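This report concerns only the one structure given below.
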Amino acid sequence: MLYRKIENDIVSHLQSRTDKILVIDGARQIGKSYIIREVGKKLFSNYIEINMETDKLGDRIFADARTKDDFYLALSSVAGDRMGSKQDTLIFIDEIQAYDHLLTLLKFLREDDKFTYIASGSLLGVTLKITSSIPLGSIIIKHMYPMDFEEFLIANGVGQLVLDTMHRNFAERKQMPDAIHNKLLDLFKKYLLVGGLPDAVKEFVNTKNITTVRNIQNNIHHLYGVDAARYEETHNRLKIQRIYSMIPSNLENKKKRVIAKDIEDKKGKRMSDYVEEFDYLISSGIALEVKAISKPSFPLIENSGKNLLKLYMNDVGILTGIFFGTNIKAIMDDMASINLGSVYETVVAQELRAHGFNLYYYDNKKTGEVDYLIDDMANLSVLPLEIKSGKDYQVHSALDKFLQIKEYNIHQAFVLSNAKNVEVKDGVTYLPIYYIACIMPEGSDFQKRIFNKNVGV
């Protein structure tokens, strides 16, 4: 069983006294159903799982379940004698977005308090935006993402002592011993190839076969393209598919951002013309958005622009599969002739988003661009991050100009690269790229639970 950090959240919720229903939201094939199933079977003697996507394509038993009594009747037809009491019966409603009326029904199931419930959805973010009667007071929504780098390390046998040392050294701004650095950097490069989709990680751990890993990634990439085509309106559907297919090529451009006129090859188009399409891709979890900030101030969410946007794939393994296929040399050998900037930026976006950060970048005509800005909760400020894939990691003119603007009140800045040294110079802390695993919101539940010490920004 692959370790997933969200397991602790699921266990804590199901063992708590709250009567609210936990709903796990996230893209397809990231392991939602698997981890809920594993936890549910451990904690409850009666575990009942209903996949609403399958039901919709088959018997449609739950299609007309508009009341709790309708739901219980439909449930009894598939669960029978497994329907016990609230204490011993967990009902897992998988792919709940297939029947959006069930989201409304959760309120009444909660009030009736007959069984314990948990739900998940792969296009839930989209459904929530178009469903008028969401029982927000009755549910707790938890977002799930592909496996982050630390979960990948655990899957590959890295022990707790190494992980604890990594987090402690990050907090104390120390570098790892040479042998451990080399091991972590090697695994980070492999993470760039494999990504965090559980099936791909499992295949890599078991076989180390890049061809079969790529086959899994390609299939999931195709599946995401199919999901992108599920939008009800045909004219929107085509634009969604186009935007999604453009992500890899956009990331190879100098600015990396989405250009509105390129989507339909029409002059005069604006980003505001594609709000629904962007919203769909982001809400479905198959794309990660990074919004532009021209004048950074805390909190960043109050200052984001709407016209400049970067989109990244939700999994770096899918991206490297598109770029390099089964050739691993570009990643593993640090080939100078190949620019890996977009790959490294993608993995950082994936990691930061999994840790709970909203993502922004700095865009200013006079100063230039800084790759990422995140909220620095400890200092009530903004933390800039530059990501370097080459050997010139100490060259960053835009970041230097950014730090010289006193009104921004920047307390610290990070540059992450493949270099092993940790050093602070002119207000910039240089860190090995794998320390991205240690950057998380100050005071987050994850930080408190795992480390019980100050290791955040």
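Yes or no, residue by residue, for (1) aromatic (Phe, Trp, Tyr); (2) farther than 19 Å from Phe204 by Cα; (3) more than 15 Å from the chain's Cα centre (by Cα); (4) modelled with pLDDT of 90 or more:
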| position | (1), (2), (3), (4) |
| --- | --- |
| Glu289 | no, yes, no, yes |
| Lys295 | no, yes, yes, no |
| Leu300 | no, yes, yes, yes |
| Leu311 | no, yes, no, yes |
| Ser337 | no, yes, yes, no |
| Val348 | no, yes, no, yes |
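Within segment 75-122, track down each residue that is among the hydroxyl-bearing types (Ser, Thr, Tyr), farther than 19 Å from Lys20 by Cα and under 23 Å from the mean Cα position of the chain (by Cα). Break it down into steps so the answer makes sense when it comes.
We begin by selecting, within segment 75-122, every residue among the hydroxyl-bearing types (Ser, Thr, Tyr); these are 76-77, 85, 89, 99, 104, 116-117, 120, 122.
Checking which are farther than 19 Å from Lys20 by Cα leaves us with 76-77, 99, 122.
Once the filter is applied, which keeps residues that are among the hydroxyl-bearing types (Ser, Thr, Tyr), farther than 19 Å from Lys20 by Cα and under 23 Å from the mean Cα position of the chain (by Cα), segment 75-122 yields only Ser122.
With respect to the conditions (1) under 24 Å from the mean Cα position of the chain (by Cα); (2) under 30 Å from Asp112 (Cβ atoms); (3) not basic (Lys, Arg), Pro135 falls short on a single one, namely (1).
Taking segment 271-287 as the search range and keeping residues that are of a type in the set (D, E, K, R) and surrounded by fewer than 20 Cβ atoms within 10 Å (Cβ to Cβ), which one is modelled with the highest pLDDT? Here the answer is Asp273.
Within segment 71-115, the set of residues being surrounded by fewer than 22 Cβ atoms within 10 Å (Cβ to Cβ) and β-branched (Val, Ile, Thr) comprises Val78, Thr89, Thr104.
Every listed requirement among (1) in a helix (DSSP H, G or I); (2) under 28 Å from Asp9 (Cα atoms); (3) touching a strand residue (DSSP E or B) at 6+ places or on another chain (Cβ under 7 Å) is met by Leu319 save one, (2).
The lone criterion from (1) in contact (Cβ under 8 Å) with a residue 24 or more places away in the chain; (2) over 16 Å from the mean Cα position of the chain (by Cα); (3) under 18 Å from Ala437 (Cβ atoms) left unmet by Lys202 is number (3). Is there a residue in segment 429-438 that is assigned by TED's automatic domain parsing to the domain that holds Gln160, surrounded by fewer than 20 Cβ atoms within 10 Å (Cβ to Cβ) and at pLDDT below 95? No, segment 429-438 contains no residue that is assigned by TED's automatic domain parsing to the domain that holds Gln160, surrounded by fewer than 20 Cβ atoms within 10 Å (Cβ to Cβ) and at pLDDT below 95. Residue count for segment 308-328 under the criterion of being farther than 22 Å from Met144 by Cβ and among the aromatic types (Phe, Trp, Tyr): the result is 2.
So which residues in segment 294-316 are hydrophobic (A, V, I, L, M, F, W, C) and either farther than 27 Å from Asp375 by Cα or not in a helix (DSSP H, G or I) (or both)? Steps first, answer last, please.
Applying the first criterion (hydrophobic (A, V, I, L, M, F, W, C)) to segment 294-316 yields 298, 300-301, 308-309, 311, 313, 316.
Answer for segment 294-316, where residues must be hydrophobic (A, V, I, L, M, F, W, C) and either farther than 27 Å from Asp375 by Cα or not in a helix (DSSP H, G or I) (or both): Phe298, Leu308, Leu309, Leu311, Met313.
Annotation: Ile216 fulfils all but one of (1) crowded, with 22+ Cβ neighbours inside 10 Å; (2) in contact with a Phe, Trp or Tyr (Cβ under 7 Å, 6 or more places away or on another chain); the unmet one is (2). Restricted to segment 197-293, the set of helices (runs of 4 or more DSSP H) holding at least 1 residues that are in the same structural domain as Val348 (by TED's automatic domain parsing) and in contact with a strand residue (DSSP E or B) (Cβ under 8 Å, 6 or more places away or on another chain) comprises 234-251, 275-283. Determine whether segment 175-186 contains at least one residue that is free of Cβ contacts under 8 Å to residues at least 40 places away in the same chain and in contact with a Ser or Thr (Cβ under 8 Å, 6 or more places away or on another chain). The answer is yes; a qualifying residue exists.
Selection of segment 200-214 for residues being of a type outside the set (Val, Ile, Thr) and under 17 Å from Lys5 (Cα atoms) yields only Lys202.
Those residues that are within 14 Å of the chain's Cα centre (by Cα) and buried (at least 23 other Cβ atoms within 10 Å of the Cβ), I need them from segment 352-386; list them, please. Selection gives Ala354 alone.
The values are calculated or read from the model by the stated rules, or taken from the named source; none is laboratory data. Only a predicted model underlies this, so the values are computations on that prediction, with no experimental measurement involved. Note that each Cβ is placed from the backbone with ideal geometry, even for glycine, and that neighbours are counted across all protein chains shown.
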